[in-house]
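For reference, the structure is listed below as structure tokens.
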Amino acid sequence: MRLERLPEVMARTSLSRAHLYSLITSGAFPRPKRVGKRAVAWVSADIDDWINSRPLGGSWRSTQNG
């Protein structure tokens, strides 16, 4: 099991710290595991699953309108 600290999770997801914790509070993002008295980390597989569950990005323009 690989663990990721906050800077790596932020880089992989392109989320800010505030938005990440907002998603955690609302239950829309995996909760971190406590790895020390003042340290947390996320299970890499949980982050992979969350990323894979996101819709694919695309153009903001409709492909039907040209």
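Criterion first (at pLDDT below 95 and polar (S, T, N, Q)) does SER14 satisfy it? Explain how you work it out, then say what you get.
Values: at pLDDT below 95: yes; polar (S, T, N, Q): yes.
Judged against the criteria, SER14 is a match.
Looking at ARG12, ARG38, which one is in a loop (DSSP other than H, G, I, E, B) and among the charged types (D, E, K, R)?
Working: ARG12 fails: in a loop (DSSP other than H, G, I, E, B).
Criteria check complete, one pass: ARG38.
Every residue in region 1-39 that is surrounded by 11 or more Cβ atoms within 10 Å (Cβ to Cβ), of a type in the set (D, E, K, R) and free of Cβ contacts under 8 Å to residues at least 12 places away in the same chain, please.
GLU8, ARG17, ARG31
Filtering region 40-66 down to residues that are at pLDDT 95 or above and among the small types (Gly, Ala, Ser), which residue is surrounded by the fewest Cβ atoms within 10 Å (Cβ to Cβ)?
Per the stated criteria, the residue is ALA45.
Could you run through region 1-19 and say how many residues are within 16 Å of SER53 (Cα to Cα) and either aliphatic (A, V, I, L, M) or over 10 Å from the mean Cα position of the chain (by Cα) (or both)?
If we filter region 1-19 for residues that are within 16 Å of SER53 (Cα to Cα), which is where we start, we get 9, 12-15.
Imposing the further condition that a residue be either aliphatic (A, V, I, L, M) or over 10 Å from the mean Cα position of the chain (by Cα) (or both) reduces the set to 9, 15.
So the answer is 2.
The values are calculated or read from the model by the stated rules, or taken from the named source; none is laboratory data. The structure presented is a predicted model; accordingly, all values stated were derived computationally and were not measured. Don't worry about glycine lacking a Cβ; one is built from the backbone with ideal geometry, like all the others, and counts go over all protein chains shown.
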